[in-house]
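Accompanying notes for the structure given below.
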Amino acid sequence: MAKFELKLPKMGESVAEATITTWLKEVGDTIELDDAVVEIATDKVDSEVPSEVEGVLVEKLFAVDDVVQVGQTIAIIETEGEGIVDSSPSETTTQVEEIPKEAIVLETQMAGTTEVASGGITDFSEGSKFYSPLVKNIAATEGVALSELEAIPGTGKDGRVTKNDILKFVDDRKNGAVTPVTEPAKQEVAPVVKSDKKETPKAAPVVVSGEDEIIEMTRMGKLIAHHMVESVQTSAHVQSFIEADVTNIWNWRKKVKGDFMKREGENLTFTPIFMEAVAKAIRDFPMINISISGDTVIKKKNINLGMAAALSDGNLIVPVIKNADQLNLVGMTKAVNDLAGRARNNALKPDDIQDGTYTVTNVGTFGSIMGTPIINQPQVAILALGAIRKVPAVIETPDGDFIGIRYKMFLSHSYDHRVVNGALGGQFVQRVKDYLEAFDVNREF
């Protein structure tokens with residue numbers, strides 16, 4: 001019998017680790033090819049890890065709430081044939097106890113010294129117990145002092161405090177079952193560091209009356225807030241606006257959408273048509289398809305379009321259409337509908353939201369005629385599609401000008417002025433407009 005190492009797969013260049021949330025298979029269970037073995041959570045999305053082989057699960061190397069690095073072995077599956085395990089389970093298990101600081105990404109950035117809500121400073125590294133980065137992050141976000149954290153009875157392996165343990169403690173504290181503790185301030189005098197940067201002004205305190213409703217932000221909501229503030233602080237945002245006449249697209253879609261549904265089994269929306277035009281424009285202006293790394297510019301080879309999608313809970317996620325410039329309209333429609341559907345059903349995989357190089361957001365879905373979207377880091381530009389409106393317009397003809405009814409929309413282009421100047425930013429959105437207005441009403445789908 002051979003033993004196969006099931007490893008935590010790579011989930012994009014910005015994701016270095018994940019938290020085990022649920023084991024879907026137990027030791028001794030028979031596993032088929034592509035069976036989901038374990039559920040994991042990253043700072044971006046929850047997902048499942050499928051098996052690459054058929055066999056029997058003989059060992060689980062991590063427990064629920066353990067943090068696993070990309071590439072680490074999480075389980076051993078016994079298969080037919082001969083072979084040996086590449087790395088010993090004991091080494092793999094030990095590695096999770098020593099997570100390097102540089103590997104801790106967005107969800108775990110608050111795992112070390114963190115300012116808590118009570119106004120004190122908590123240094124979790126001084127604790128006498130091991131806490132996963134996820135537990136530390138929750139503690140920091142909820143203002144749990146180190147003394148409180150160490151008093152929580154853990155139900156995990158070796159008495160370790162799990163995610164459920166600390167969430168229960170937070171709920172109990174909010175309900176008055178326990179009294180919050182303020183971490184005592186340190187006596188050491190911090191060294192004075194001179195800086196030319198101005199201090200970020202703190203938000204004014206919010207006065208809450210007895211009639212107000214207090215609503216906790218969701219985990220995803222907190223992450224989105226962090227991303228948005230980080231983007232504004234990183235990129236020099238500039239906007240260009242242009243109006244496009246999409247009458248030809250409106251009339252063509254109205255004419256063919258029924259036949260499109262019959263032949264392809266897909267609903268033809270405006271989104272794939274707009275995505276097709278954006279992909280063409282990026283191919284014409286490849287310096288929009290870049291990222292910044294220090295003082296260097298990374299010119300992306302692939303055109304991977306992010307498609308901002310609203311979720312039922314009011315949050316936002318950006319699934320990515322890979323190699324969008326290589327898809328015809330049918331392929332683009334299938335990709336758009338598939339990603340949008342799985343986003344609504346919380347069924348996206350980590351790879352579905354990775355490696356985007358340019359993002360499009362449809363603010364017109366909610367009736368907005370234009371917007372000033374925030375750049376999705378580490379990209380350098382984002383396009384907002386406004387609502388399509390039926391408006392009176394001047395129509396130029398060889399026989400003179402006249403007033404007619406046209407379907408128009410605004411395109412709002414936000415770009416990073418550190419590397420994208422006004423000429424490039426304006427020319428790009430103009431090219432998108434040109435492709436939309438030149439749409440062939442006689443084209444086949």
Radius 11 Å from Cβ of HIS237, net charge of other residues (Lys, Arg +1; Asp, Glu -1):
0
What is the set of long-range amide H partners of ARG406 at a cut-off below 5 Å, with H atoms built 1.01 Å from backbone N?
VAL391, ALA393
Work out from phi, with θ = phi - 60° and the Karplus expression 6.51 cos²θ - 1.76 cosθ + 1.60, the ³J(HN,Hα) of each residue of region 253-258, listed in order in whole Hz, and give x for Gly and Pro.
4, 4, 6, 9, 4, x
Can you grab the distance from the C-alpha centre of region 315-347 to the C-alpha centre of region 389-445, Å, no decimals?
24 Å
With all protein chains present, how much of the accessible area of region 210-278 (probe radius 1.4 Å) comes from carbon and sulfur, to the nearest whole percent?
54 percent
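Using alpha-carbon pairs under 8 Å, 6+ residues apart, how would you state the relative contact order of region 283-425 in percent? If you can, show how the numbers build up before the last one.
Numbers: 269 pairs, mean separation 30.1, N = 143.
That works out to 21 percent.
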Of ALA309, ALA384, HIS413, which is farthest towards the positive pole of region 290-445's charge dipole, taken about the Cα centre with +1 and -1 on the beta-carbons of Lys, Arg and Asp, Glu respectively?
ALA309
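Output the pairs from LYS257/LYS433; LYS136/LYS349; LYS60/LYS300; LYS136/LYS301; LYS3/LYS334 with a Cα-Cα distance over 31 Å in this structure; if there are none, say none.
On the way: LYS257/LYS433 22 Å; LYS136/LYS349 25 Å; LYS60/LYS300 39 Å; LYS136/LYS301 38 Å; LYS3/LYS334 39 Å.
Checking Cα-Cα distances, LYS60/LYS300; LYS136/LYS301; LYS3/LYS334 exceed 31 Å.
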Scattering from the C-alpha atoms of region 306-445 alone, worked out with Debye: what is log10 I(q)/I(0) at q = 0.10, 0.19 1/Å?
-0.42, -1.33
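Sort 315-328, 394-407, 253-266 by packing, meaning the average of other beta carbons within 10 Å per residue, with the highest value first. Before the final figure, lay out the partial values.
Values: 315-328: 18.8, 394-407: 10.0, 253-266: 12.7.
The most tightly packed comes first, giving 315-328, 253-266, 394-407.
In a shell of Cβ-Cβ distance under 13 Å around VAL27, excluding VAL27 itself, what net charge do Lys and Arg (+1) and Asp and Glu (-1) give?
Neighbourhood net charge equals -2.
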Once the dipole of region 1-82 is set up with Lys and Arg at +1 and Asp and Glu at -1 on Cβ about the Cα centre, which of VAL15, SER47, ILE31 lies farthest towards its positive end?
VAL15
Under 5 Å, built H, 5+ apart or other chain: amide partners of ARG418:
ALA236
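With a probe of 1.4 Å, find how much accessible area region 260-402 has per residue, and write the answer as a whole number in Å².
Details: 6820 Å² over 143 residues.
Computed with neighbouring chains in place, this is 48 Å² per residue.
The values are calculated or read from the model by the stated rules, or taken from the named source; none is laboratory data. Source: prediction; values computed, not measured. In this analysis, Cβ positions are derived from the backbone assuming ideal geometry, glycine residues included, and neighbour counts consider all displayed protein chains. Surface areas here come from the heavy atoms of the whole protein model, side chains and all, with no ligands, DNA or RNA. Shrake-Rupley method; radii C 1.70, N 1.55, O 1.52, S 1.80 Å.
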